[in-house]
1. When you scan the stretch 66-78, how many residues do you find that are within 17 Å of Asp38 (Cβ to Cβ) and either part of a helix (DSSP H, G or I) or at pLDDT below 95 (or both)?
2. Among the residues of the stretch 39-59, is any charged (D, E, K, R), in a helix (DSSP H, G or I), at pLDDT below 95 and at negative phi?
3. Just to verify a result, which residue in the stretch 48-74, among those that are among the basic types (Lys, Arg) and under 16 Å from Glu116 (Cα atoms), is surrounded by the most Cβ atoms within 10 Å (Cβ to Cβ)?
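The values are calculated or read from the model by the stated rules, or taken from the named source; none is laboratory data. Model, not experiment: these values are computed from the prediction. Every residue, glycine among them, receives a Cβ derived from its backbone with ideal geometry; neighbour counts consider all protein chains shown.
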Amino acid sequence: MSTITLQGATKQQGLQLDFAEQLKSGGQAVALSHAGKDWLQAALDALPVFLREKHGNPFALEEFRAWSESGGLPAPASANAWGSIPKIAMRKNLIRHTGRAIKALEPKARARLVMEWVAA
């Protein structure tokens, strides 16, 4: 698990953030197990194709999700399985974080901040 340090955060806030990260990871693991290994492999196989089409331009995960589903990748049993893709793709040296957060475009996301990614 990666550690996030917030400048000026109290020890209590740091513990809360650690706990929140653990809950996030646990939830993603459950969602990914429900999605199945075949879904995960299909998503990871599609990622390099998507990255080539991006021509080095940054993207949000929601873009890859929409592209994948429009290309025929079935939706996973839980949409939360998509949240596991960046960590796995980073380990496989497919993508890297740009250091930026951008507003989500998907209306259901209500313009929340999401991470921006680029091909590694």
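1. Summing the residues that are within 17 Å of Asp38 (Cβ to Cβ) and either part of a helix (DSSP H, G or I) or at pLDDT below 95 (or both) in the stretch 66-78 gives 7.
2. Taking every residue of the stretch 39-59 in turn, none turns out to be charged (D, E, K, R), in a helix (DSSP H, G or I), at pLDDT below 95 and at negative phi.
3. Ranking the qualifying residues of the stretch 48-74, first place goes to Arg65.
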